[in-house]
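Colleague: Take this structure, written in structure tokens, and hold onto it; I'll ask about it next.
Please treat every number below as a calculation from the coordinates, not as lab data. Keep in mind that what you see is a predicted model, and the values were worked out from it rather than measured. Cβ placement follows ideal geometry from the backbone for every residue including glycine, while neighbour counts extend to all protein chains displayed.
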Amino acid sequence: MKHTFPIMAAVLACAVSCTDSKVNTLDIIPCPLEMTPASGVYDLSRGEVTFTIDSLMAPEAYTLKITPRKAVVKAGSEAGVLYARQTLKQITVEDGGALQCCEISDEPRFAWRGLLLDCARHFYTVEQVKKVLDIMAYYKLNRFHWHLTDDHGWRIEIKKHPRLVEVGAFGDVGSHSVPDPNLVGEILYEGYYTQEDIREVVSYASSLGISVIPEIDMPGHMTSALAAYPQLGCTGGPYKVVNVVGPRGKGLGKENLCIGNDEIFDFISDILDEVFPLFPGEYFHIGGDECVPDRWNACPKCRKRLRDEGLESGEYSDAQLLQNYFTRRVQKMLQERGRKIIGWDEILDGELEDGATIMSWRGTSGGKRAAERGLDAIMTPIRHCYLDFRQSDDLEHEPIALNGTVSVDSVYDYEPLEGLTEEAARHIIGVQGNLWCDVVSTQEYLEYMLLPRLAALSEVQWCAPQNKNRERFRSAMDAHRRYYEEHGYVYAKHLWGIIGLPGHEYRIQ
Ligand code: ACM
Ligand code: ZN
């Protein structure tokens with residue numbers, strides 16, 4: 001298939017105005033697999049860019065050949081075309097009027113290049129979510145993990161169980177803790193996405209080459225659902241949606257679905273029936289993290305489940321056995337509907353059917369264990385990939401954040417395959433950054449936490465290891481910084497010696 005485009009309006013509209021057209025460097029992030037800069041430019045006002053799909057190329061691969069006389073793009077599929085377009089934006093010079101001459105041959109290292117956004121702790125509107133998707137696309141990320149439910153809020157409309165949003169999307173706003181006084185912008189504790197909203201986000205993401213993976217976190221992190229339907233919990237309630245307790249700790253709910261109650265499986269089945277038509281991708285994220293065992297241990301119905309199912313093992317606690325029983329039942333429900341399960345690394349505690357994918361968050365050992373068991377894994381270790389952690393140790397000048405520091409360098413320096421055998425490494429399908437929103441409560445703060453760490457992450461996700469180079473990355477960030485400013489994005493300036501949100505910036509001495 002071959003099609004030509006007139007001068008690309010999108011490229012012109014989004015161009016980086018590097019008026020100082022550099023000849024021998026290309027400030028592309030993530031760094032392409034192979035690139036050869038050349039002198040001269042291709043004048044867009046007099047020419048067109050030619051796009052060809054070559055199905056012999058890898059689906060996400062693309063090549064660019066830009067000379068003063070022509071601009072030719074080849075790609076393995078529409079995804080490759082989208083990545084080529086993002087690269088074209090980054091080599092656009094002369095105020096959008098020309099492309100820097102070069103030859104590029106590019107494809108990603110990992111198939112899964114994800115970002116999680118937590119819209120449960122704080123709510124972000126459809127327009128705000130789209131802005132995050134735009135930033136993801138710019139850095140060639142392709143998986144949006146949408147954390148839609150938690151103790152603090154149920155954000156997705158389920159028509160058969162309307163109280164999930166009628167009750168679960170609304171907390172007791174008055175008693176939320178006071179956020180960082182430095183923050184400006186609206187803070188949304190309440191709200192939900194209608195099914196129409198979800199379709200709009202999924203379709204917008206798809207136009208950017210991004211697949212959306214919904215996470216309905218279960219059987220823990222369920223207090224907002226239990227507030228709506230208390231009969232599904234071990235004690236029967238009453239329960240209240242948990243308030244976001246910020247600034248330096250998570251308000252982890254201790255309520256789980258009652259594994260001894262068969263009604264929970266009908267409830268989940270109803271939810272899956274409504275969720276799956278909204279999300280065409282193959283994966284569903286079941287959550288599965290941080291189940292507090294106390295209620296299960298004290299619950300007669302849960303104890304009866306253990307006895308009736310003969311669940312016992314010296315290796316696992318009763319709570320782990322109950323969770324594994326639950327996970328296997330839900331995995332079966334997903335398989336019957338043609339979907340694949342993903343869960344946080346806690347779901348590794350026990351047997352799983354083939355086809356489960358693990359997200360390794362408590363370090364890298366979960367991913368390693370999964371890969372050694374022949375299960376696919378996505379690496380998202382807390383010390384490198386948690387974008388809700390503050391960006392430097394300067395507690396005085398950083399906006400409030402969870403304990404722990406994940407600097408731009410700690411993101412950049414992460415090597416996902418370290419310590420793995422070749423066989424195990426084949427099961428690491430990608431890397432993801434997680435932006436939890438316990439304290440990340442406004443648009444400006446969200447952007448400050450994302451940029452430029454997402455740019456650094458994109459090099460971990462996309463670049464061949466031999467192409468990763470901190471100095472080149474830092475130098476390219478100067479051009480990217482201009483892009484952020486032109487687009488009005490808030491971004492963190494640690495690379496340029498400054499800490500803090502706009503209006504509260506502190507120059508590092
Ligand atoms: C997690 O951070 N609880 C997955
Ligand atoms: Zn129970």
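Colleague: Give a quick list of GluC sites (Glu not before Pro) in region 191-289 that DSSP marks as loop, anything other than H, G, I, E or B, with at most 14 other Cβ atoms within 10 Å.
Modeller: Those that pass, being in a loop and sparsely packed, are Glu282.
Colleague: For region 138-229, what relative contact order do you get, as a whole percent, if you take Cα pairs closer than 8 Å and at least 6 residues apart?
Modeller: So the answer I get is 50 percent.
Colleague: In addition: Considering only C-alpha atoms, what is the centroid distance from region 284-325 to region 100-151, in Å?
Modeller: Using only Cα atoms to place each centre, the spacing works out to 34 Å.
Colleague: How far is helix 453-462 tilted off the main Cα axis of the chain, in degrees rounded to 10, range 0 to 90?
Modeller: Once rounded, the angle reads 80 degrees.
Colleague: Looking at the chain, send over the antiparallel percent of its DSSP beta bridges, to the nearest 5.
Modeller: Of the beta bridges lying entirely in the chain, close to 40 percent run antiparallel.
Colleague: Under 5 Å between amide hydrogens, which residues at least 5 positions from Gly363 or on another chain qualify, with H placed 1.01 Å from N in the peptide plane?
Modeller: Amide H neighbours of Gly363: Ile382, Arg383.
Colleague: Now for a separate question. For region 338-398, which GluC sites (Glu not before Pro) are both in a DSSP coil and crowded by at most 13 other Cβ atoms within 10 Å?
Modeller: For GluC sites (Glu not before Pro) across region 338-398 that sit outside H, G, I, E and B with at most 13 neighbouring Cβ atoms in 10 Å, the list reads Glu351, Glu353, Glu396.
Colleague: I would also like to ask the following. Less than 20 Å apart at the alpha-carbon level, and either on another chain or at least 8 residues along: which aspartates and glutamates does that give for Lys468?
Modeller: Answer for Lys468, where 20 Å is the Cα cut-off: Asp27, Glu34, Glu60, Glu103, Asp106, Glu107, Asp409, Asp413, Glu415, Glu418, Glu459, Asp478, listed by chain and number.
Colleague: Taking θ = phi - 60°, what integer Hz values does the Karplus form 6.51 cos²θ - 1.76 cosθ + 1.60 yield along region 129-139, in sequence order, with x for Gly and Pro?
Modeller: Result, ordered by residue: 5, 4, 5, 5, 4, 4, 5, 4, 4, 4, 9 Hz.
Colleague: Let me ask something else about it. For region 287-368, what value does the Rg/Rh ratio take when both radii are computed over Cα atoms and Rh is the Kirkwood radius, given to two decimals?
Modeller: 0.98
Colleague: On to the next question. Would you mind checking which residues have amide H under 5 Å from His145's amide H? H placed 1.01 Å from N; only 5 or more apart, or other chain.
Modeller: Here the answer is Leu115, Leu116, Leu117, Ile213, since their amide H atoms fall under 5 Å of that of His145.
Colleague: Are there trypsin sites (Lys or Arg not before Pro) in region 33-94 that DSSP puts in a loop and that have at most 13 other Cβ atoms within 10 Å, and which ones?
Modeller: Qualifying residues, ordered by number: Arg46, Arg69, Lys70.
Colleague: Using the Cα centre of the chain as the reference point, and only Cβ charges (+1 on K/R, -1 on D/E), how large is the resulting charge dipole? Debye, rounded to the nearest 20.
Modeller: 660 debye
Colleague: As a check on your grasp of the helix formula, calculate [θ] at 222 nm for the chain: sum -39500 (n - 2.57) over DSSP H runs of n ≥ 4, divide by the residue count, round to the nearest 500.
Modeller: The helix-only estimate for the chain comes to -9000 deg cm²/dmol at 222 nm.
Colleague: Looking only at Cα atoms, what is the convex hull volume of the chain per residue, in Å³?
Modeller: So the per-residue hull volume is 149 Å³.
Colleague: Turning to a different aspect of this structure: Give me the percent of DSSP beta bridges within region 84-195 that run antiparallel, rounded to the nearest 5.
Modeller: 40 percent
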